[in-house]
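One structure is given below, encoded as structure tokens.
The values are calculated or read from the model by the stated rules, or taken from the named source; none is laboratory data. None of the values given here were measured: they were computed from a predicted structure. Please note: Cβ atoms are built from the backbone with ideal geometry, for glycine as well, and neighbour counts cover all protein chains shown. In case anyone asks, the SASA skips ligands and DNA or RNA and just uses the protein heavy atoms, side chains included. Shrake-Rupley method; radii C 1.70, N 1.55, O 1.52, S 1.80 Å.
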Amino acid sequence: MEKQPIIAVKNLSVEYAKTPVFRKINFEILAGDFICLVGCNGAGKTTLIKTILGLIEPSAGSVEFLGMSRKEIGYISQETVVTSNFPATVEEIVLSGLLNQKRGIFYTKGDKKKCEEALAKFGIKKLLKKHFAELSGGQRQKIWLARAVVATKKMLILDEPGNNLDSKSKKELYAELLKLNAQGITIMMITHDLDHQNLVGNKILALADGVATMETTEEYVKRIHRHDDSESDGK
Ligand code: ADP
């Protein structure tokens, strides 16, 4: 079955104090996509995801949601992951992922079950009552993922989730993201990991000089190989 667009970015421009970050960019995110958002520092990656999340007002153009709402996106920012002395238990953090969907003010048994299931998904149910500050970087990353998983059934946006993780934790994290994606969650992730060992996802959206270019990961790999071949031919 053809994949359906869930987000359409149309002629989107964002500027800070009249200085444009990007101008009239266009792309679609399809249900089930796993998009790596790449570009140099300052290219506008964080600005783009914050605009999709509705945290930044575009100066022109629009972000349209099709068959889902902005509220259904689970977002993990860089700051959330690195905060070291977050004064809460793992259970409190993961439960707070439900706040968007809740009607009452108390957590129910069902909520707590969802929280335990999300932790179990990442093999860290035993951390339920631990304080966040006691955990390692890799464990913290999984807690935020578990929180995002209770917050959304549709889409996750992550800002450099592999940052500050050693290569083993990073591999585990990407494996978890691939599993979530295989279960139907659409993912958009800012990353600098485009080497073949860490290359994940089906598409790459590159931001450079205010322009956005989307290609499939397959096209990207072919292009890079061609480039490598022609460089070695030239030597
Ligand atoms: P990236 O995430 O790709 O590193 P950003 O989206 O953070 O890029 O930033 C894009 C550009 O916008 C940079 O030149 C940055 O200095 C500028 N910028 C980011 N946030 C602000 C802000 N709040 N006010 C003014 N300029 C900003």
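Would you confirm, using the coordinates I've provided, whether ASN163 is within 16 Å of the ligand (Cβ to nearest atom), surrounded by fewer than 22 Cβ atoms within 10 Å (Cβ to Cβ) and over 23 Å from PRO5 (Cα atoms)?
yes
Taking the conditions exactly as written (in contact with a strand residue (DSSP E or B) (Cβ under 6 Å, 6 or more places away or on another chain), at pLDDT 95 or above, open to solvent by 80 Å² or more (accessible area, probe 1.4 Å) and not aromatic (Phe, Trp, Tyr)), does LYS10 satisfy them or not?
For LYS10, the condition - in contact with a strand residue (DSSP E or B) (Cβ under 6 Å, 6 or more places away or on another chain), at pLDDT 95 or above, open to solvent by 80 Å² or more (accessible area, probe 1.4 Å) and not aromatic (Phe, Trp, Tyr) - is met.
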Cβ-Cβ under 6 Å pairs, at least 6 apart or on other chains, the range 151-172 side touching a residue at least 60 places away in the same chain (Cβ under 8 Å), far side surrounded by 15 or more Cβ atoms within 10 Å (Cβ to Cβ) and in a loop (DSSP other than H, G, I, E, B): ALA151/GLY97; LYS154/MET68; LEU156/ILE185; ASP159/SER77
Residue within the range 204-217 that is without any contact (Cβ under 8 Å) to a residue 60 or more places away in the chain, touching a Cys at 6+ places or on another chain (Cβ under 9 Å) and either open to solvent by less than 20 Å² (accessible area, probe 1.4 Å) or within 21 Å of GLY32 (Cβ to Cβ) (or both) present: no
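Table: residues versus (1) without any contact (Cβ under 8 Å) to a residue 12 or more places away in the chain; (2) of a type in the set (Phe, Trp, Tyr); (3) out of contact with any strand residue (DSSP E or B) (no Cβ under 8 Å at 6 or more places or on another chain).
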site	(1), (2), (3)
ALA17	yes, no, yes
PHE27	no, yes, no
ALA31	no, no, no
LYS45	no, no, no
LYS50	yes, no, yes
VAL94	no, no, yes
ASP111	no, no, yes
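Let's see how each residue does on (1) in contact with a His (Cβ under 6 Å, 6 or more places away or on another chain); (2) modelled with pLDDT of 85 or more; (3) part of a strand (DSSP E or B); (4) at positive phi:
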position: GLN141; (1), (2), (3), (4): no, no, no, no
position: LEU156; (1), (2), (3), (4): no, yes, yes, no
position: LEU165; (1), (2), (3), (4): no, no, no, no
position: TYR174; (1), (2), (3), (4): no, yes, no, no
position: LEU178; (1), (2), (3), (4): no, yes, no, no
position: ASN181; (1), (2), (3), (4): no, yes, no, no
position: ASN198; (1), (2), (3), (4): no, no, no, no
position: VAL221; (1), (2), (3), (4): no, yes, no, no
Residues within the range 48-82 that are away from the ligand (no atom under 16 Å from the Cβ) and either more than 16 Å from SER13 (Cβ to Cβ) or at pLDDT below 95 (or both), tallied: 10
Options ILE204, ILE143, ILE224, ILE190: the member that is within 12 Å of the chain's Cα centre (by Cα) and of a type in the set (Val, Ile, Thr): ILE190
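In the range 22-47, which residue that is part of a strand (DSSP E or B) and open to solvent by 30 Å² or more (accessible area, probe 1.4 Å) is farthest from the ligand (Cβ to nearest atom)?
Ranking the qualifying residues of the range 22-47, first place goes to LEU30.
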